[in-house]
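The values are calculated or read from the model by the stated rules, or taken from the named source; none is laboratory data. It should be emphasised that the depicted structure is a prediction, and the values quoted were computed from it without experimental measurement. All Cβ positions, even for glycine, are placed from backbone atoms using ideal geometry, and neighbour counts span all protein chains on display.
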């Protein structure tokens, strides 16, 4: 049976979800475990209920909507992404994946051989609670739940406190264990890069995700009066950071054309105009598709931090260590076949950004479907995906899902 996705229904749901946390310039601020996310859950649960999907959650605050299958003892097909956004995020990052999965499940037209479950992972973005991908990491056992729950946002609220508020809003919702067995995982997403648009190709068959490492580094110096403390006697945290950053950009940021090195957050204290800075905290994001290169670059960053810190000291804390991964060849072939059958051009593509699918790949056959985004822009209010591409991505997903779950149970 060929699934029948409805492009207008999917687009309408995307626009309705974008109204929760809507910003004046067209973007969305709907951060993890916020009142906005609670409101978004209610919307998703209501849409799922229209076709008999059963809601559930787990100790990490992941949301599951399950379309019951004929044999409920079989591991389900899991599809989805996330609904949290950056503070000035767009309408499509994450949300497209969840709603395309919902549309694909709704389009099946008959009872599947096994359960089909749509997931919205908790805190993929990491904008309120860092680092991101907390829900999928907890599910996959990549990071201990206790460590995740202890994380606090800038206002001092812990994940545990925010998660309690989320679960309290849905007191009757069934709880599932972390890491329940799954048969396959599929994640649709906007590319967050320019390649599909440049090639005029609506479907990206994601081959894998490049590796990522992140650090928080804290430079410790000593306060002093800007007018009286001699330069030779200063333990200036900002000067130490400047030395480190310069060396890191020169030595690591130029290793090869595909390295991605970013210092994306800096906090300095006391941050006063006439005071020598006593402390500075900054975060590093390092990415590369070759794990050997990534590991070597990461080791060099830590060496440079220690070498250029004196007379200050530096504390180096590793936050994320996610190696590059590949996706299942059979699922990629199914995506290519589905795109061809629907008359949609498709091409293989490596994901430069991280996604929850990274953590599902070791658990089961996993794959991702990309669609283009205008100018490759994401994590911004003017992020945009064309309605035709949204529809194409959902249709390909539905074809792949149908091929997996409308076959006889086995």
Scanning segment 317-331 residue by residue, the ones that are surrounded by fewer than 14 Cβ atoms within 10 Å (Cβ to Cβ) and in a helix (DSSP H, G or I) total 2
What's the total number of residues in segment 80-125 that are in a loop (DSSP other than H, G, I, E, B) and in contact with a strand residue (DSSP E or B) (Cβ under 9 Å, 6 or more places away or on another chain)? 19
Could you give every pair whose Cβ atoms fall below 6 Å, whose first residue belongs to segment 179-197 and is at positive phi, and whose second residue is modelled with pLDDT under 95, counting only separations of at least 6 or pairs across chains? 192/353
Within segment 356-389, which residues are touching a helix residue (DSSP H, G or I) at 6+ places or on another chain (Cβ under 6 Å) and in a helix (DSSP H, G or I)? 359, 387
Against the definition (in contact with a strand residue (DSSP E or B) (Cβ under 9 Å, 6 or more places away or on another chain) and either under 30 Å from residue 233 (Cα atoms) or not in a strand (DSSP E or B) (or both)), how does residue 294 come out, yes or no? yes
Positions within segment 37-62 being under 20 Å from residue 9 (Cβ atoms) and touching a strand residue (DSSP E or B) at 6+ places or on another chain (Cβ under 9 Å), in sequence order: 40, 41, 44, 45, 47, 48, 49, 51, 52, 53, 55
In the set 179, 135, the lone residue that is surrounded by fewer than 24 Cβ atoms within 10 Å (Cβ to Cβ) and under 21 Å from the mean Cα position of the chain (by Cα) is 179
Within segment 48-64, track down each residue that is closer than 23 Å to residue 158 by Cα and either outside the structural domain of residue 132 (by TED's automatic domain parsing) or without any contact (Cβ under 8 Å) to a residue 60 or more places away in the chain (or both). 63
Scanning segment 292-306 residue by residue, those more than 14 Å from residue 218 (Cα to Cα) and out of contact with any helix residue (DSSP H, G or I) (no Cβ under 7 Å at 6 or more places or on another chain) turn out to be 292, 293, 294, 295, 296, 297, 298, 299, 303
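Taking the conditions exactly as written (touching a residue at least 60 places away in the same chain (Cβ under 8 Å), within 11 Å of residue 208 (Cβ to Cβ) and buried (at least 21 other Cβ atoms within 10 Å of the Cβ)), does residue 367 satisfy them or not? It would help to see each step written out before you state the result.
On the way: touching a residue at least 60 places away in the same chain (Cβ under 8 Å): yes; within 11 Å of residue 208 (Cβ to Cβ): yes; buried (at least 21 other Cβ atoms within 10 Å of the Cβ): yes.
Against the criterion (touching a residue at least 60 places away in the same chain (Cβ under 8 Å), within 11 Å of residue 208 (Cβ to Cβ) and buried (at least 21 other Cβ atoms within 10 Å of the Cβ)), residue 367 qualifies.
Go through the residues of segment 142-155 one by one and say whether even a single one is out of contact with any strand residue (DSSP E or B) (no Cβ under 7 Å at 6 or more places or on another chain), touching a residue at least 60 places away in the same chain (Cβ under 8 Å), farther than 20 Å from residue 348 by Cα and assigned to a loop (DSSP other than H, G, I, E, B).
yes
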Quick test for you: out of 67, 17, pick the one residue that is in contact with a strand residue (DSSP E or B) (Cβ under 9 Å, 6 or more places away or on another chain) and either without any contact (Cβ under 8 Å) to a residue 24 or more places away in the chain or closer than 13 Å to residue 85 by Cβ (or both). 17
Name the residue, out of 20, 45, 38, that is crowded, with 20+ Cβ neighbours inside 10 Å and assigned by TED's automatic domain parsing to the domain that holds residue 164. 20
